[in-house]
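Trainee: The structure that follows is given in the form of structure tokens.
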Amino acid sequence: MDYKSRLSSSPDILLGKPVIKNTRIPVDLILERLGDGMSIEEILEATPGIEREDILACISYSSQVISRESLLAS
């Protein structure tokens, strides 16, 4: 999925955090809800104004970011 069509970032909105386009809903909030065990359907019910594709874009974005990171051995 091309997350760029669904997500945006602007220094004027949430200090530049990535958000779902045309909202102030940050990507990390959606990912946190998924991590807490909420289903996509539950998130959609709790967050009017977003679509399933927005949630999938958040997942795609996080995958792209993580793929460029490396974990330091501890």
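The values are calculated or read from the model by the stated rules, or taken from the named source; none is laboratory data. Just so we're clear, the structure is a prediction, and the values are computed from it rather than from any experiment. Here the Cβ is made from the backbone with ideal geometry for all residues, glycine too, and neighbour counts use every protein chain on show. Side chains included, ligands, DNA and RNA excluded: accessible areas come from the protein's heavy atoms. Shrake-Rupley method; radii C 1.70, N 1.55, O 1.52, S 1.80 Å.
Trainee: Run lengths n ≥ 4 of DSSP H only: what is the helix-derived mean residue ellipticity at 222 nm for the chain, with -39500 (n - 2.57) per run over all residues, to the nearest 500?
Mentor: Counting only the DSSP helices, I get -13000 deg cm²/dmol.
Trainee: Quick check: net charge around Leu44, other residues with Cβ under 12 Å of its Cβ, Lys/Arg +1 and Asp/Glu -1? Mind showing how you got there, number by number?
Mentor: Values: positive: Arg33, Arg52; negative: Glu41, Glu42, Glu45, Glu51, Glu53, Asp54.
Once all neighbours under 12 Å are counted, the net charge is -4.
Trainee: If you roll a 1.4 angstrom probe over the protein chains with everything in place, what fraction of the accessible area of the chain belongs to carbon and sulfur, to the nearest %?
Mentor: So the carbon and sulfur contribution to the accessible surface is 53 percent.
Trainee: Please report, in Å, the Rg and the Dmax of the chain, where both are computed over Cα atoms only.
Mentor: When restricted to Cα atoms, the chain yields Rg and Dmax of 12.9, 42 Å.
Trainee: OK, next. For the chain, which span is the longest to avoid every loop-located (per DSSP) member of GluC sites (Glu not before Pro) having at most 14 other Cβ atoms inside 10 Å?
Mentor: Formally, the longest exposed-site-free interval is 1-50.
Trainee: Order Asp36, Asp28, Asp54, most accessible first, counting only protein heavy atoms with a 1.4 angstrom probe.
Mentor: Greatest to least solvent exposure: Asp36, Asp28, Asp54.
Trainee: If one takes the longest principal axis of the Cα atoms in the chain, at what angle in degrees, from 0 to 90 and to the nearest 10, does the Cα axis of helix 52-67 lie?
Mentor: 10
Trainee: Rolling a 1.4 Å sphere over the protein heavy atoms, what is the accessible area per residue of the chain, to the nearest Å²?
Mentor: Here the residues of the chain average 70 Å² of exposed surface.
Trainee: Within region 10-74, report the trypsin sites (Lys or Arg not before Pro) that DSSP leaves as loop and that have at most 11 other Cβ atoms within 10 Å.
Mentor: The qualifying sites are Arg24, Arg68.
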